[in-house]
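Worksheet: one structure, shown below.
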Amino acid sequence: MDRSDPSVLARNVRALRSLHGLSKTEYSFRAGISRDTLIRIENGQGCTLRIEQKIAKAFHSHPRRLWDSELFAIGSYKYIPATKNRWAFILPEEVDNYHRRLERTVGHSMADEFCADPDGIQEETERQRLGVSGFASAFSKAVGGTVTSGYCSAALIECYQKHDMVHPMSTVGYLVYVIRGSILYEQEDHHQEVHAGDSLVLHEEYKCRISPLNPVLRGELCPLFLYSLQHLFPIGN
């Protein structure tokens, strides 16, 4: 990941915040950072790796995408090859735990490499090992992109364990389409089984939990689903 030009980070953070319709105050609160820190970042002064992780989490993304100089390329279409986007941990604590275990293995600090999408998890067999062993609840791979008119947010999710998913915006909807296997959706008193080929449409600001309907065993493929942000269009009376 090239972090040599903080203006790339600044441009992407400004653009993502604008696309989410958030003020600096709203976004800094949601990311758990100060407004002054956000202003410095958007002015091209950079930030620490920990702050990057907080920003990426609030955007349902990961730090590598914040530094992508082509993230907001202009054009009427954007082709995204399979090799462009990478699998990443969903939960920051699982990122930390993964790198701490790696540090103990190699015997020295690798703090500069605390990224959510390390090379080690790009292989499906390693993601499966971590997921089945309980070291990771889920992995995501961003598959969306930007055209002149805006940003299309979408990700593939591999689900190994129960995990929380927060939907932070009341002006958009969230589409879940199950590609493989079956998942269980839980939100307060609601429970819904969603099987391969089924869709689930969500809205409003709340927290839900998604888990495999059945435990994923060693050697088995985990549930896989598409998770996409969709703008809501009011329905007239």
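Any read-out appearing in this document is the output of simple, stated calculations on the displayed coordinates, not a laboratory observation. As the structure is a prediction and not an experimental result, all values here were calculated from the model. Neighbour counts run over all protein chains shown; Cβ positions are idealised from the backbone, glycine included.
Computed from the Cβ-Cβ distance with R0 of 35 Å, the FRET efficiency linking Leu217 to Glu103 stands at 0.75. When Val176, Val201 are arranged by Cβ crowding within 10 Å, least crowded first, meaning fewest neighbours, the order is Val201, Val176.
Largest GNM mean-square fluctuation among Arg11, Arg35, Arg218, using the chain with Cα springs under 10 Å: Arg218.
Do you know the relative contact order of the range 6-66, to the nearest whole percent, from alpha carbon pairs under 8 angstrom that are 6+ apart?
Relative contact order for the range 6-66 comes out at 41 percent.
Distances between every pair of Cα atoms in the range 45-158, grouped in 5 Å steps from 0 to the bin holding the largest one, split as 2, 11, 21, 22, 19, 13, 7, 3, 1, 0 percent.
Computed over all pairs of different Cα atoms, the Kirkwood value for the hydrodynamic radius of the range 87-231 is 16.2 Å.
Remind me, relative contact order of the chain in percent, using alpha carbon pairs under 8 angstrom and six or more residues apart?
RCO, the chain: 16 percent.
Cross-link pairs exceeding 23 Å between alpha carbons, from the set Lys141/Lys162; Lys54/Lys207; Lys24/Lys78; Lys57/Lys84; Lys78/Lys141: Lys24/Lys78. Going from the residue with the fewest nearby Cβ atoms within 10 Å to the one with the most, Leu16, Leu184 rank Leu184, Leu16.
Here is how the number arises for the chain: DSSP H runs of 4 or more residues each give -39500 (n - 2.57), the sum is divided by the residue count, and the result at 222 nm is -8500 deg cm²/dmol. Value of Rg to Rh for the range 170-230, rounded to two decimals, is 0.99; Kirkwood radius and Rg both from alpha-carbon coordinates.
With neighbours defined as other Cβ atoms within 10 Å of a residue's Cβ, the residues Thr37, Thr83 order from fewest to most as Thr83, Thr37.
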